[in-house]
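A short write-up of the structure that comes next.
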Amino acid sequence: MHRWRMAGFAESHPWRGNVFEREPELTEQVLREIGERGALGSRHFEGSGPGGMWNWKPAKVVLEALHSAGRLAIAGRDGFQRLYDLPERLLPEHVLAAPVPTRDEFVRWATLRGVRARGALTEAAVAEMWRLRGGAAGVRPHADALVAEGKLRRLAVADGTAPVLVPAGDEAAGRVPPALLLSPFDNLVWDRTYLERVFGFRHVIEVYKREPERIYGYYVLPLLQRDRLVGRADLKHDRAERTLLVKSFHPEPGARASLDDCLDAALARLARVLGAEHVRRS
């Protein structure tokens, strides 16, 4: 389904411009070496960048541009580093030979796929999830069609602003644990605008901030207490000591005086998932 976008990226990478025109010899070298040697990472090529997470060396820029254009695929990882290989070695023939979808076909598919995956999305959030130009207005005709076909439903939100799309026939089921620490990338907190509208909770991810600029901490998990987000815990898992460390906890304004029992229950649950034997608060 992404091949309609890959076709555009073949002309110009969204961040790096026309990499292939700028680096024709390096592009040819990268493809030749992967063709001869098999899956390779950026470290297998010479050169260096100016430093920093996004300041890639030239070979890494070419590898990512080839991947975005569909001329390379990801074969796996070695630690944190991607390994790139030719698509024909990794993907079945029926996928490689499939027709390139139109933009309308992609947006329709992406709208349905996104809502089913995340549970509840505004049209603007669908556009943001897939980085679609045109925003909510570009998604709306496809959402209208999917609602008319009975594949999605629109639900009004109590604040009277943008409605949300949910899967048709998807009713709340199961029991919400009384206390749960959420991943900072959990579906519930992904759409920050919607989260603030419904829960009054302003979600902040501070991993990429410098330490003096952080308010809550490096890797902060929101604390869900039934249907309320009541605090934020900055945690670290010490694997060697098999200990879950609570570096700090920040209750939300308006939360009840003590959240100790709620936080303890959520920490115990998370520790079990991680295989940590101990929980220690700073």
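The values are calculated or read from the model by the stated rules, or taken from the named source; none is laboratory data. Computed from a predicted model, the values in this text were never measured in an experiment. Positions of Cβ are backbone-derived with ideal geometry, glycine not excepted, and every protein chain shown enters the neighbour counts. Accessible surface areas use protein heavy atoms only, side chains included; no ligands, DNA or RNA. Shrake-Rupley method; radii C 1.70, N 1.55, O 1.52, S 1.80 Å.
Dipole orientation for region 93-225: of the candidates 152, 179, 106, 179 has the Cα lying most toward the positive pole (charges on Cβ; Lys, Arg +1; Asp, Glu -1).
Comparing mean-square fluctuations of 127, 148, 162 from a GNM of the chain with C-alpha springs under 10 Å, the top value falls on 148. For the set 154, 239, 22, the ranking by accessible area, highest first and with no ligand, DNA or RNA atoms included, is 239, 22, 154 under a 1.4 Å probe. Taking the protein heavy atoms of the chain in the context of the full set of protein chains, the accessible area attributed to carbon and sulfur is 51 percent at 1.4 Å.
Compactness of the chain is given as radius of gyration and Dmax, 22.8, 65 Å, from Cα positions. What the pair-distance distribution of region 188-282 shows, using all Cα-Cα distances binned every 5 Å from zero, is 3, 12, 22, 23, 21, 14, 5, 1, 0 percent. The Kirkwood radius of region 128-184, taken over pairs of alpha-carbon atoms, gives through the Stokes-Einstein law at 4 °C and 1.567 mPa s a diffusion coefficient of 93 µm² s⁻¹.
A simple charge model with +1 on the Cβ of Lys and Arg, -1 on the Cβ of Asp and Glu and nothing else charged puts the dipole of region 43-183 at about 200 debye relative to its Cα centre. Secondary-structure-derived ellipticity at 222 nm for the chain, considering helices only, amounts to -11000 deg cm²/dmol, per-run term -39500 (n - 2.57) for DSSP H runs with n ≥ 4.
Modelled this way, with points 7 Å down the Cα-to-C-beta line, the labels at residue 6 and residue 136 are 3.3 nm from one another.
Please report the antiparallel percentage of DSSP beta bridges with both residues in the chain, rounded to the nearest 5.
90 percent
Looking at the chain, the accessible area is 60 square angstrom per residue; that uses a 1.4 Å probe and ignores ligands, DNA and RNA.
Extending 7 Å from Cα along the Cβ direction at residue 248 and again at residue 269 yields two label points whose distance is 2.5 nm.
Taking the chain as a Gaussian network of alpha-carbon nodes connected by springs under 10 Å, the highest mean-square fluctuation of the residues 107, 204, 126 belongs to 204.
The relative contact order of the chain comes to 10 percent, based on Cα pairs under 8 Å that sit 6 or more residues apart. Summarising the amide proton neighbourhood of residue 122: residues at separation of 5 or more, or on other chains, whose placed amide H is nearer than 5 Å comprise 165.
Using only side-chain charges placed at the Cβ, +1 for Lys and Arg and -1 for Asp and Glu, the dipole size of the chain relative to its Cα centre rounds to 460 debye.
Look at where the Cα atoms of region 223-282 and of region 126-199 average out, and the two centres are 27 Å apart. With everything on Cα atoms, drop me the angle between helix 135-148 and the longest principal axis of the chain, reported from 0 to 90° to the nearest 10. Result, in degrees: 80. Taking amide hydrogens as placed 1.01 Å from N in the peptide plane, the amide H of residue 281 sits under 5 Å from those of 246, each at least 5 positions away in sequence or on another chain. Here each label is just a point 7 Å from Cα along the line to Cβ, and for residue 29 and residue 97 those points are 3.7 nm apart. Working note: Cα gyration tensor of region 1-107, eigenvalues times five, square-rooted, sorted largest first, giving semi-axes of 24, 17, 13 Å. Computed extension length for residue 104-residue 205: 33.1 nm, one decimal, from 0.36 nm per residue of separation with the Cα-Cα distance subtracted.
The angle between the Cα long axis of helix 103-118 and the main principal axis of the chain comes to about 30°, on a 0 to 90 degree scale. Distances between placed amide hydrogens fall under 5 Å for residue 220 paired with 206, all partners being 5 or more residues away or on another chain.
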